[in-house]
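Structure first, commentary second.
The values are calculated or read from the model by the stated rules, or taken from the named source; none is laboratory data. The model shown is predicted, which means the values in this text are computed figures rather than measured ones. Positions of Cβ are generated from backbone atoms using ideal geometry, with glycine treated the same way; all protein chains shown enter the neighbour counts. With ligands, DNA and RNA removed, areas are computed over all heavy atoms of the protein, side chains included. Shrake-Rupley method; radii C 1.70, N 1.55, O 1.52, S 1.80 Å.
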Amino acid sequence: MAFTKTSYVCLPCRASYKQPWAGDHARHCPRCAEPLIHAGSAFAAPRRRDTAAWRTLSVLLNAGVNFHKSCCGGPGYRPRTLFEVRERMAYARRTGEPFARALTRPELP
């Protein structure tokens, strides 16, 4: 039986680990022992020193946005800068759209 590898992220350590899918089983960071966040199989971690990218990633993961492959091969649009995140969060507050949905919009109306 083949297991699909998926990414788990530790935001405080700025670390990502590819591991077999654990289901509901909680994983913990080997560095700090904090719980890891399941990011998805199409996740690519930014460089550890890229603090802006990790802040953006933190907003996405805490809003429930993940990086699973879709039918077209990738996870779809995800904001890459804090400006894009702020723009989509303001749109969500203004319209009442859920944050996770607004963050994954390629373009704002």
(request) With a 1.4 Å probe and every protein chain kept in, tell me what percent of the accessible surface of the chain is carbon plus sulfur. (result) 53
(request) Please give the helix 82-95 orientation as an angle from the longest Cα principal axis of the chain, in degrees from 0 to 90, rounded to the nearest 10. (result) 60
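Rounded to the nearest 0.05, what FRET efficiency do Arg31 and Glu107 give with R0 = 25 Å and r taken as the Cβ-Cβ distance? Could you check?
0.05
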(message) Which one, Leu108, His68, Ala33, is farthest towards the positive end of the dipole of the chain when Lys and Arg carry +1 and Asp and Glu -1 on their Cβ?
(response) Ala33
(message) Assuming 0.36 nm per residue, please report the length gained on full extension of the stretch Ser41 to Arg94 beyond their Cα-Cα distance.
(response) 15.9 nm
(message) Counting only helical runs of four or more DSSP H residues, what would the 222 nm mean residue ellipticity of the chain come to if each run contributes -39,500 (n - 2.57) and the total is spread over all its residues?
(response) -8500 deg cm²/dmol
(message) Run through the range 24-109 and list the GluC sites (Glu not before Pro) located in a DSSP loop whose Cβ has at most 14 other Cβ atoms within 10 Å.
(response) Glu107
(request) Calculate, for the range 37-105, the solvent-accessible area per residue in square angstrom, rolling a 1.4 angstrom probe over the heavy atoms of the protein chains. (result) 60
(request) Take the alpha carbon gyration tensor of the range 1-45, find the square roots of its eigenvalues, order them as a ≥ b ≥ c, and report rounded if a/c is under 1.5; if not, report prolate when a/b exceeds b/c, else oblate. (result) oblate
